[in-house]
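The values are calculated or read from the model by the stated rules, or taken from the named source; none is laboratory data. Not measured: the values here are computed from a predicted model. Glycine also receives a Cβ, built like all others from the backbone with ideal geometry; neighbour counts cover every protein chain displayed.
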């Protein structure tokens, strides 16, 4: 089966579709471009399917390279038979390939090899073939003091080593045992002696066991982190009742016809099986299956991170409104930055409304002056330290100056400090103090989360799960793909976009992005897409890939502001001519466009899917796929965890989604957890079926643990007896042990999730 056939089978599509995509990828086409502009060729495969295809293609091509190197290595030994070659060609996983290669793999001189050199292989084969032979009697025939075989014990030990290696290098047997152990094995964790105090955060795993195939990704990564920090030991095996034979040892014995029938060699052969399992096979499978568990857990964690990042990047933008960003601080002051509707920095200041200076009135006057000078419409307040105090400051500003038409919002400042100290920020604002750059980022990310967050290392945004424990190469590749898909889904204004944003457009990289900006700076704003061809090093292929995702507002050709690709402009001209309408009058004429039959415009170059996309774009050109902008209203007077009480109803913003629930920012500097069991009044398999990062949700406080800074929330509000305005405290949270006990015992699933979360 060819690579294309295999992928087609796995994705449930036809081979021709896969062959076409592979050709397009090999020609340098990007996933966003193929998904959007080559639907006829791919049969309408979406970007998710194309990403899966691309990843699988890379894996299978790497597997093919490894297979070829194995062919060469075995052929050099003169052992590459047609049968072996067929087996090697048939396998489709790296594990199966390495199992087949193991007997031929060059390795250090083993005890089994030394035994063969001493002439003991016939002894091993004879005893395995005929258990009626007496091991001691047979061994006397192979004594050879010159080769270290001085007695029968040495002869039998050597024969045993040969059989043990033979068992351990039997690919079909090892495959069977691996599958059995994965399906029935139990992973046991124990705390290392003397590490109880140091490893307190892993207390849940001090005495822990679970079937390996059922361990969820977050728990697996916690176990591996505990082992990496030398707190936990992990062991994989099958639980065997006292007096019962080990099932894996029974499988080894069965595969070689070894059984206890009171024959002379039975005990010796069964002992050989036990030693083979303990010394050779179990340790290999233990490593293999822990690696499998880790890889699956890492992939799941990477998927969660990518999904959360996508939700965050595609969050609703506030739009092109003059915005004031406030980066809260107490002793160091509140950093203020004002940007215009395009994100251009207009003004900065530092105010000190909080302790120890307490310049409350002076700070309000400064904010009032800046807001009026620059016609500010939005105030974006970072959600870090002193955010609620700063929120009160802005509320006081609005009370004193009701003529100000400001809307204030709390904005996640995750990663703002990383951006502030980055080379990109230094290049963008070389004269600006690092602390003020953070305020600029906080303002801009409210205007357009996508345009600003692409400047920040994704891992610094804080929507991952065990992100530092996973394969960093795979994580970066997945996050880069996510960013690319999001940026191209929205499209960018080529005349205002930063180099960081442009670099994620299909067909472009940072170098080309910087060349676009250099051309823009030297020649002024682009007036049509054709001018992109004049950009240094932006060749025909890059133009083909990028042009449809680059927007030119108010340019010479109105289609340049749409997602219609320049290669399809002639189709629009054909539509305009057929309807007797000028191009500029055709765009946005919903009734006219919906009356058209897309099939009337299909030709040899443009099929029905593309025509439908073109007409949809003409109906609503440059439509932003992101949702409408909404914000959460944090409850007045609820500023810290001590203000919370049971059954309090609040509004918040989902900050992170994991496999076990969602974290929600409710404005108290500590996110609360809505456990997966509390997300809805129905069974929820995947939290993202209910919520995603950036969603505004209503929650009810279940429990509060001030000492450990844990807040348990629920979104099951149907049984709530109170409203947000009428709720009265049932019980204030305390720091005493009874509250702690209540939290742990009363909601053990949620408490366990908290312990696993960070």
Exercise. For region 678-713, which residues satisfy the criterion of being under 17 Å from residue 657 (Cβ atoms), touching a helix residue (DSSP H, G or I) at 6+ places or on another chain (Cβ under 8 Å) and part of a strand (DSSP E or B)?
Worked result: 711, 712, 713
Problem set entry | Members of region 345-376 that are in contact with a strand residue (DSSP E or B) (Cβ under 6 Å, 6 or more places away or on another chain), in contact (Cβ under 8 Å) with a residue 40 or more places away in the chain and either surrounded by fewer than 14 Cβ atoms within 10 Å (Cβ to Cβ) or part of a helix (DSSP H, G or I) (or both) | 370
For this session: Can you give me the number of residues within region 212-233 that are crowded, with 19+ Cβ neighbours inside 10 Å and over 21 Å from the mean Cα position of the chain (by Cα)?
Result: 4
Exercise. Since residue 394 meets every condition but one in (1) in a loop (DSSP other than H, G, I, E, B); (2) touching a strand residue (DSSP E or B) at 6+ places or on another chain (Cβ under 6 Å), which condition does it not meet?
Worked result: (1)
Problem set entry | Those helices (runs of 4 or more DSSP H) lying entirely in region 133-242 with at least 1 residues under 30 Å from residue 296 (Cα atoms) and at pLDDT 95 or above | 152-168, 171-184, 217-228
Seminar exercise, completed: Of the listed residues (426, 421, 407), the one being within 34 Å of the chain's Cα centre (by Cα) and at pLDDT below 90 is 407
Seminar exercise, completed: Of the listed residues (631, 610), the one being part of a helix (DSSP H, G or I) and either under 31 Å from the mean Cα position of the chain (by Cα) or at pLDDT 90 or above (or both) is 610
Exercise. Name the helices (runs of 4 or more DSSP H) wholly within region 463-564 that hold at least 2 residues that are over 18 Å from residue 450 (Cβ atoms)?
Worked result: 472-490, 510-523, 540-546
For this session: Considering each of 297, 276, 264, 301 in turn, give the residue that is touching a residue at least 40 places away in the same chain (Cβ under 8 Å), surrounded by 16 or more Cβ atoms within 10 Å (Cβ to Cβ), out of contact with any strand residue (DSSP E or B) (no Cβ under 8 Å at 6 or more places or on another chain) and not in a helix (DSSP H, G or I).
Result: 264
For this session: Out of the residues in region 634-662 that are out of contact with any strand residue (DSSP E or B) (no Cβ under 9 Å at 6 or more places or on another chain) and part of a loop (DSSP other than H, G, I, E, B), state the one that is surrounded by the most Cβ atoms within 10 Å (Cβ to Cβ).
Result: 659
Exercise. Without any contact (Cβ under 8 Å) to a residue 60 or more places away in the chain, surrounded by fewer than 24 Cβ atoms within 10 Å (Cβ to Cβ) and either touching a helix residue (DSSP H, G or I) at 6+ places or on another chain (Cβ under 9 Å) or not in a loop (DSSP other than H, G, I, E, B) (or both), is that true of residue 404?
Worked result: yes
Problem set entry | Among the residues listed as 83, 75, the single one being more than 24 Å from residue 256 (Cβ to Cβ) and not assigned by TED's automatic domain parsing to the domain that holds residue 284 | 75
Problem set entry | Those residues of region 25-34 which are more than 17 Å from residue 485 (Cα to Cα) and either assigned to a helix (DSSP H, G or I) or at pLDDT below 95 (or both), in sequence order | 26
Exercise. Considering 606, 629, which residue is more than 30 Å from residue 387 (Cα to Cα) and either out of contact with any strand residue (DSSP E or B) (no Cβ under 7 Å at 6 or more places or on another chain) or not assigned by TED's automatic domain parsing to the domain that holds residue 700 (or both)?
Worked result: 606
